[in-house]
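Below is one structure; the comments refer to it alone.
All of the numbers you see were taken from the coordinates with simple rules; none came from a lab. This structure is a prediction, so every number in the text was calculated from the model and none was measured. Neighbour counts run over all protein chains shown; Cβ positions are idealised from the backbone, glycine included.
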Amino acid sequence: MRHAQWRALVHMYTNENCRQIDLAEILEIKPITLARQIDLLEEAGLVRRNKDSEDRRAYGLALMPKAHAVMQALWEIADAVEAEVLKALTAQEQRQLTALLECNGQLKPDIFLSHFPIKFSLKIQRCLIT
């Protein structure tokens, strides 16, 4: 699974039945770009598009049961990677990282991540993109 697909899944996981156009806006990507990612997720049996009852041009997105299992596996991997990453940091660095993460959306993830030489775990990225 590519990062872009994972990112879309994370947002759908926390915003069940969100509209495709709204998800594109949240992810700050073009709707056509998201449409291709959703196509791939749908082909994998992770997502289902539902016609919006109020707007026939719009689609709501629902996670399939398989997606919940995939997300659980990803969170477990993320927890293990996070523990490994945090092991490399001093207590002060861990506090600094936690404080930055608690900005909760105040920082753009790409800008934040570019300031650190280490690759962050999925769980840390999840905090940054949700």
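Across region 3-63, the relative contact order, built from alpha-carbon pairs under 8 Å that are at least six residues apart, equals 39 percent.
Ranked for footprinting exposure by Cβ neighbours inside 10 Å, fewest first, Arg49, Arg56 give Arg56, Arg49. Positive end of the dipole of region 58-104 (Cβ unit charges, origin at the Cα centre): among Ala80, Ala99, Gly60, the Cα lying farthest that way belongs to Gly60.
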